[in-house]
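The values are calculated or read from the model by the stated rules, or taken from the named source; none is laboratory data. The structure presented is a predicted model; accordingly, all values stated were derived computationally and were not measured. Heads up, the Cβs are rebuilt from the backbone with ideal geometry, glycines too, and the neighbour counts pull from every protein chain shown. When the accessible area is computed, the model is the full protein with side chains, heavy atoms only, and any ligands, DNA or RNA have been set aside. Shrake-Rupley method; radii C 1.70, N 1.55, O 1.52, S 1.80 Å.
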Amino acid sequence: MEQQIARMQKHLAEVPDMFRDRGEEETARRPAPGKWSAKEILGHLCDSAINNLARFVRAQTEQPYALIPYQQDEWVKAQAYQARPADEIVQLWSSLNRSVVAVMAAMPPAACEHACILADGTTVSLRWLMEDYVAHMEHHLGQLSRQLGQG
């Protein structure tokens, strides 16, 4: 987990800078109809953190742990990220992911091999789930970088 933790710590340092000195208009701009704005992409990553933080904790004690999927578009709408200040979303994302890092760092090595059952019935390890979480985050951070003209 050391690699994932290091990658997350790097993102925790960099993401606030991506939004620094960006106006609300710029962070709320949607690149195309039906596409998320920068605020909504980061909000989606907050929703992902909310769901995965709970998964990472529960998978340590509930064996096997069956993941409960969530409807990402509906979560983004329900959280109203588009109408919220960008700095508020950045703070939420940062706080949630500091908690994810703390859970990863405190996890006993044996727990990394606990079974997690995905919605399609596939069984993966908790380690795989955490690695996938970081990869998913990095995918969306790449989108953010391009959308905000930094990539």
- Message: Tell me which of Ala13, Ser37, Thr27 sits at the most positive position along the dipole axis of the range 1-43, charges placed on C-beta atoms (Lys, Arg +1; Asp, Glu -1).
- Response: Ser37
- For every helix of n ≥ 4 consecutive DSSP H residues, a contribution of -39,500 (n - 2.57) applies; sum these over the chain, divide by its total residues, and give [θ] at 222 nm rounded to the nearest 500 deg cm²/dmol. -21500 deg cm²/dmol
- Message: How much accessible area per residue does the range 1-60 have, counting only protein heavy atoms and a probe of 1.4 Å, in square angstrom?
- Response: 49 Å²
- Going by a ≥ b ≥ c, the root eigenvalues of the Cα gyration tensor, does the chain fall in the rounded group (a/c under 1.5), the prolate group (a/b larger than b/c) or the oblate group? prolate
- Rounded, prolate or oblate: which fits the range 1-73, taking a ≥ b ≥ c as square roots of the Cα gyration tensor eigenvalues, rounded meaning a/c under 1.5, else prolate when a/b beats b/c? oblate
- Query: Carbon-plus-sulfur fraction of the accessible area of the chain, 1.4 Å probe, in percent?
  - Reply: 53 percent
- State whether the range 62-136 is rounded, prolate or oblate according to the following rule on the C-alpha gyration tensor (a ≥ b ≥ c being the square roots of its eigenvalues): a/c under 1.5 gives rounded; otherwise a/b larger than b/c gives prolate, and the remaining case gives oblate. oblate
- State in Å² the accessible area per residue of the range 67-151; use a 1.4 Å probe, count heavy atoms of protein chains only, and round to the nearest integer. 52 Å²
